[in-house]
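K.L.:
The following block contains the structure, expressed as structure tokens.
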There are 4 protein chains.
Amino acid sequence: MRVGLLTGGGDCPGLNAVIRAVVRKGVQDYGYDFTGYRDGWRGPLQGSVSRLDIPAVRGILPRGGTILGSSRTNPFKEPDGVRRIRENLAKDEVDALIVIGGEDTLGVAARLHEEHGVRCVGVPKTIDNDLSATDYTFGFDTAVNIATEAIDRLHTTAESHMRVLVVEVMGRHAGWIALHSGLAGGANVILIPEQRFDLDEVCGWVTSRFRASYAPIVVVAEGAMPRDGDLVLKDAAAHDSFGHVRLSGVGEWLAKEIESRTGKEARTTVLGHVQRGGTPSAFDRWLATRFGLHAITAVRDGEYGRMVALRGPDVVRVPLREATARLKTVPDALYAEARTFFG
Amino acid sequence: MRVGLLTGGGDCPGLNAVIRAVVRKGVQDYGYDFTGYRDGWRGPLQGSVSRLDIPAVRGILPRGGTILGSSRTNPFKEPDGVRRIRENLAKDEVDALIVIGGEDTLGVAARLHEEHGVRCVGVPKTIDNDLSATDYTFGFDTAVNIATEAIDRLHTTAESHMRVLVVEVMGRHAGWIALHSGLAGGANVILIPEQRFDLDEVCGWVTSRFRASYAPIVVVAEGAMPRDGDLVLKDAAAHDSFGHVRLSGVGEWLAKEIESRTGKEARTTVLGHVQRGGTPSAFDRWLATRFGLHAITAVRDGEYGRMVALRGPDVVRVPLREATARLKTVPDALYAEARTFFG
Amino acid sequence: MRVGLLTGGGDCPGLNAVIRAVVRKGVQDYGYDFTGYRDGWRGPLQGSVSRLDIPAVRGILPRGGTILGSSRTNPFKEPDGVRRIRENLAKDEVDALIVIGGEDTLGVAARLHEEHGVRCVGVPKTIDNDLSATDYTFGFDTAVNIATEAIDRLHTTAESHMRVLVVEVMGRHAGWIALHSGLAGGANVILIPEQRFDLDEVCGWVTSRFRASYAPIVVVAEGAMPRDGDLVLKDAAAHDSFGHVRLSGVGEWLAKEIESRTGKEARTTVLGHVQRGGTPSAFDRWLATRFGLHAITAVRDGEYGRMVALRGPDVVRVPLREATARLKTVPDALYAEARTFFG
Amino acid sequence: MRVGLLTGGGDCPGLNAVIRAVVRKGVQDYGYDFTGYRDGWRGPLQGSVSRLDIPAVRGILPRGGTILGSSRTNPFKEPDGVRRIRENLAKDEVDALIVIGGEDTLGVAARLHEEHGVRCVGVPKTIDNDLSATDYTFGFDTAVNIATEAIDRLHTTAESHMRVLVVEVMGRHAGWIALHSGLAGGANVILIPEQRFDLDEVCGWVTSRFRASYAPIVVVAEGAMPRDGDLVLKDAAAHDSFGHVRLSGVGEWLAKEIESRTGKEARTTVLGHVQRGGTPSAFDRWLATRFGLHAITAVRDGEYGRMVALRGPDVVRVPLREATARLKTVPDALYAEARTFFG
């Protein structure tokens, strides 16, 4: 039995821990051989492979990134993509594929399995925690820890200088990182993509915080938008020389608006890719390792078209299709819980 | 409405986060007053109280320990204990109690509620993660992170000097911290109280690791015991001048045994209380905060005799009795997963 | 003997450690009383004071910020400023002042001492490490550690996705933080205010790094400028809606330029005030504590008009005037050392 | 020109950073070739070599340990040791040696250079900071940071439970780690090898701390000894089954004595090798990198028989003999500074 392995999509701490667990268990307990495909779906598409055995996975557990590389290549958008993949798998004598990735990467796996009989098992990966099929994914806890540490550090500066400090964190479509790190860090305002915010309300929280002689910390997800956002952001975009309004724009834009409306100085921190790199937290290593162990056991059991998922403390198997079923966003009730701490 | 609050049992990062959330939501959203009882059940027993309002909980979210102090006092073992508690609650005009603690502390709350009609809501706390009623408790993730960081640091020394490094972590009756940190840290042997270990097998893993030109890291829970433990440990105890065989003994004892049986140098790290102090991890702050919010809402709903619990990503209410129902230990199947990485 | 204490200028981890050491030694060993002045020179100017005794300094050693608050108020620019300060010191029966601050704050202390006989002892503070009178100041090591951890995390993302990652760190006039964190983090390009950079050269390093199959990390001090900077930045400023070109501009601008010139994707992290907040590193706590101990001993010795300074491993006393004598910038030879690692 | 490189003695974060800097500058700027000798002096003694070029040093900057391995082998104690080393250097066509190590390792280099004309340049390494020839060595700052973080975490437990917490840190002959981490962590008692301690005085500090309603933290260097130590420790040794009184004994012994004399519960943390493993702090990476750059430049300049050293912020060259001249211990005056915070 030879199993192919690939990692697709954006970076996420824990990818290497999955790879290591798959290979360790596959080789030692099941006697399998492995083929590592380079750079996501580009690997089986172009026949680009890496040696993948026990020595290759030594020491990678604590390392961020992925030893296999990654890409956003979609074989369904490449000429003859599916045929080339099937040919390369056949040529490499690969009997089954373990695919580690997010909605897009696993969506390809689901179609390849359903429509073309490619034997795939999925491992969900999204730093944003926005896959509905699993309680948590690895990488998310690491990102939340990093953002929380940054917020911790900002508190003292905020209070010594009575300034507004705005922290822009990841989250284009779901506000999980902002919500968790904002709650854990004791932020005074948390703005997420799921809930359009009202600038007057935000400035009200800022002002009431200053009245209590404390300085506010505002956590804003990169995808958060003001209520009258289309107008406002078109205007902001006009001032932005990159056209990346969401990437680096909202934090700075918000700081400026708060300054001009409240008369208080505001400063911005944009954590950027720091949130998705580096060594995984203990929880993420644990989760990624268990996902890897269970994925290779699903292969051993011949349970293709499935992906592993966390439900409570248990790792279970669910249909691969669930990975792309529905974006898991922050429910209203949960955001309402956080509002206790606003202002 | 006036609500009393107390924290009992051992230290656990996140206690202050619970207290803060209870008070913030109780005061702001429900208009309640609070009475802080000092040092666990000793507080209502002796009428020892602390002011507890919004200013009192400012800035405590990231701090370890508990601003209310703690103790292991059990009112059922004190003369006239229950009567004195009821009188003090009446005198303080306290209508309901939120009790934060482990099996013992919550067991008292359950009996006071069931047998004496004291209106109690519980919040589970155990750094060892050994309460069966909840998926996780706060403090555990912090402890696992700290132990994992220590193991990370030991890898380089182990390999540069080809030494066995033994890390003793907490866990008298349940091996969760050892299991999680050992897996996350890439330990080569993990020994837990649930599984008596065989010294020859341990030395076999150590030796096979050296043969592969790597040096082994052994994680041992303080309550782990060798298979022929009663005999062996009585002997070890005879050499130990404290009589605390479990507290500081197993790590040192194991290092010595490995040295003498394999001929390899072994060194020990005993993390001790470092694991249960200091700032909580982001996950623990999040969980503790949510527990606090849900506990005060349970009071508002008049749902006494219940405790909050984590089930998957949700906070639910379960009977207080469940807190003491059954020790949650590491299942055989889960330990078997970890064995893939031994040796 | 009553000693006044104030902290001025920007935030810097270690301020509280100085305050604690001054008060602990002053009270216990010398029997002094203390008056804390609020918000830098605004305190003695407006007679705004804080109680400052042993209980007031308990637990503040590891905390960032300053319990006394800070400001950039300059009494020489306030109507009747010097007279009001002298009157308030007399009214408060303050015999001597310990002034903790940077070039501006200590410059006021030097003039008050020289021109008006106010008995001042200085403690140097600058997160940028740009005071020539002392080898190091507290806060700098903390900032370098934070920036280095961020760079560490970016490496894996850079390499998994073959992207350019730009990190903007503090340093308007001196590049010490960029130089130290860039070297410690293994950056491939380090740009500092002292050395105008050539965009073609930067892009050359970026390209050569990619050719070796690694992705580059570029550390840029907020005050770094391209060789033809006046022209280029005026243009960038026109696109910047804040007018704060130096605050948040250079990192983003550089990423955009590298993208358009090399065709490689580039992403930016702007650490901002995260670098100057939060708990001090062990080195900074040690240094701040020793500065505090030596400052109060200088008062005991009647050595006014002096400030404490670090020379090698020793704390010495130098004239307060030296604090403002000359900006300590990165020497050419030191920057040349770092160039070994560029590209 | 071919340069040999070896690392000797105990583990120390920063060794790899030195190796990387030597090789990067040597290859790129001077065009040298390198031979890596394995396991300290055992390498040239037995002709055990490693490839050492730019690819070999990629990515090692942040890693603890040493890619070359280490040992305590002393060629002057091996039959024919010097002749074998000279023959192997000749056979390998090695023109000069860079030797990274402590007193013993550098003492060998000094003798080989002086007595046998072997061209050596030294890089000082001691985690204990006890070499008088240099202000600081790499590894020390990392160890102090780790110990300080542990002490930080213990504070909350100490205070929540009113227990004595004893932390045993490294330092057999010099108390630098205990002194720096104790001061930085706000310990209430610091015991070092240079100053025999009086148990009654220690218990006095412990008791007075409790009277102020705080719980004490005691930092003890592994080599600290009570005033009547020979008697007492012989007794303790009799209870110790390992005969390693200093390694793991003093902390436990002290906790027990404090318990029995003050009646207060005491707990121990033994950090052990956690202090000397893992990623170096930013300061240590900076220092190690600069030592490496200057060592290879000393080779280029033909300045043999010298070692690099830190003096203030500058790296200088001093005679290799100075490495072994005198143990740098904590001076009385410095320990007296720390006593301000005892009790």
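K.L.:
Taking the criterion of being farther than 25 Å from B:VAL23 by Cα, more than 14 Å from chain D (Cβ to nearest Cβ) and in a helix (DSSP H, G or I), would at least one residue in region B:115-122 satisfy it?
P.N.:
yes
K.L.:
Let me ask another. Return yes when A:LEU61 is open to solvent by less than 50 Å² (accessible area, probe 1.4 Å) and closer than 17 Å to A:VAL94 by Cα and no when it is not.
P.N.:
no
K.L.:
For C:GLY139, work out the one condition from (1) open to solvent by less than 10 Å² (accessible area, probe 1.4 Å); (2) closer than 28 Å to C:GLY107 by Cβ; (3) away from chain A (no Cβ under 14 Å); (4) in contact with a helix residue (DSSP H, G or I) (Cβ under 7 Å, 6 or more places away or on another chain) it doesn't fulfil.
P.N.:
The single condition C:GLY139 does not satisfy is (3).
K.L.:
State yes or no: is A:GLY204 away from every other protein chain (no Cβ under 14 Å), in a helix (DSSP H, G or I), farther than 22 Å from A:SER281 by Cα and not β-branched (Val, Ile, Thr)?
P.N.:
So A:GLY204 fits the description; yes.
K.L.:
Applying the selection to region A:292-334, what residues are within 28 Å of B:ALA309 (Cβ to Cβ) and either assigned to a loop (DSSP other than H, G, I, E, B) or β-branched (Val, Ile, Thr) (or both)?
P.N.:
Result: A:VAL308, A:GLY312, A:PRO313, A:VAL315, A:VAL316, A:VAL318, A:ALA325, A:ARG326, A:LYS328, A:THR329, A:VAL330, A:PRO331.
K.L.:
Under 6 Å between Cβ atoms, at least 6 apart or on separate chains: pull out the pairs that start in region C:160-178 with a residue that is within 11 Å of chain A (Cβ to nearest Cβ) and in contact (Cβ under 8 Å) with a residue 60 or more places away in the chain and end on any residue that is part of a loop (DSSP other than H, G, I, E, B) and of a type in the set (A, V, I, L, M, F, W, C).
P.N.:
Listed pairs, sorted by first residue: C:MET162/C:ALA215; C:ARG163/C:ALA215.
K.L.:
Of the residues A:THR157, A:THR148, only one is crowded, with 24+ Cβ neighbours inside 10 Å, at pLDDT 95 or above and within 13 Å of chain C (Cβ to nearest Cβ); which?
P.N.:
A:THR148
K.L.:
Can you spot a residue in region D:73-87 that is within 14 Å of chain B (Cβ to nearest Cβ) and of a type outside the set (Asp, Glu)?
P.N.:
Taking every residue of region D:73-87 in turn, at least one turns out to be within 14 Å of chain B (Cβ to nearest Cβ) and of a type outside the set (Asp, Glu).
K.L.:
Could you say which residue among C:GLY14, C:GLY69 is under 27 Å from B:PRO62 (Cα atoms), open to solvent by less than 10 Å² (accessible area, probe 1.4 Å), out of contact with any strand residue (DSSP E or B) (no Cβ under 8 Å at 6 or more places or on another chain) and within 13 Å of chain A (Cβ to nearest Cβ)?
P.N.:
C:GLY14
K.L.:
Checking the structure you have, find out if any residue of region A:170-186 is charged (D, E, K, R), in contact with a strand residue (DSSP E or B) (Cβ under 9 Å, 6 or more places away or on another chain) and closer than 21 Å to C:VAL270 by Cβ.
P.N.:
yes
K.L.:
Taking the options A:ARG119, A:ARG163, name whichever one is surrounded by fewer than 24 Cβ atoms within 10 Å (Cβ to Cβ), touching a strand residue (DSSP E or B) at 6+ places or on another chain (Cβ under 8 Å) and at pLDDT 95 or above.
P.N.:
That would be A:ARG119, the only listed residue that is surrounded by fewer than 24 Cβ atoms within 10 Å (Cβ to Cβ), touching a strand residue (DSSP E or B) at 6+ places or on another chain (Cβ under 8 Å) and at pLDDT 95 or above.
K.L.:
Can you go through B:ARG83, B:ARG72 and tell me which one is in a loop (DSSP other than H, G, I, E, B) and over 30 Å from A:GLY182 (Cβ atoms)?
P.N.:
B:ARG72
K.L.:
Within region B:84-97, is even one residue touching a residue at least 24 places away in the same chain (Cβ under 8 Å), surrounded by fewer than 18 Cβ atoms within 10 Å (Cβ to Cβ) and aliphatic (A, V, I, L, M)?
P.N.:
no
K.L.:
When you look at A:GLY204, is it modelled with pLDDT of 95 or more and small (Gly, Ala, Ser), yes or no?
P.N.:
yes
K.L.:
Could you please give the count of residues in region D:329-343 that are out of contact with any helix residue (DSSP H, G or I) (no Cβ under 8 Å at 6 or more places or on another chain) and either among the aliphatic types (A, V, I, L, M) or open to solvent by less than 50 Å² (accessible area, probe 1.4 Å) (or both)?
P.N.:
Summing the residues that are out of contact with any helix residue (DSSP H, G or I) (no Cβ under 8 Å at 6 or more places or on another chain) and either among the aliphatic types (A, V, I, L, M) or open to solvent by less than 50 Å² (accessible area, probe 1.4 Å) (or both) in region D:329-343 gives 2.
K.L.:
Kindly list the number of the only condition in (1) of a type outside the set (Ser, Thr, Tyr); (2) part of a loop (DSSP other than H, G, I, E, B); (3) surrounded by fewer than 24 Cβ atoms within 10 Å (Cβ to Cβ) that fails for A:PRO280.
P.N.:
So A:PRO280 meets the others, but not (3).
K.L.:
Quick one: would you say C:GLY9 is within 15 Å of C:PRO75 (Cβ to Cβ), within 14 Å of chain A (Cβ to nearest Cβ), under 25 Å from the mean Cα position of the chain (by Cα) and in a helix (DSSP H, G or I)?
P.N.:
It is false that C:GLY9 is within 15 Å of C:PRO75 (Cβ to Cβ), within 14 Å of chain A (Cβ to nearest Cβ), under 25 Å from the mean Cα position of the chain (by Cα) and in a helix (DSSP H, G or I).
K.L.:
Among the residues of region B:34-46, is any free of Cβ contacts under 8 Å to residues at least 60 places away in the same chain, in a loop (DSSP other than H, G, I, E, B) and surrounded by fewer than 24 Cβ atoms within 10 Å (Cβ to Cβ)?
P.N.:
Yes: one or more hits.
The values are calculated or read from the model by the stated rules, or taken from the named source; none is laboratory data. Note that the structure is a prediction, hence the values are computed from the model and not measured. FYI the Cβ positions are ideal-geometry reconstructions off the backbone, even for glycines, and counts take in every protein chain you see. The protein model used for the area step is the full one, side chains on, heavy atoms only, and it has no ligands, DNA or RNA in it. Shrake-Rupley method; radii C 1.70, N 1.55, O 1.52, S 1.80 Å.
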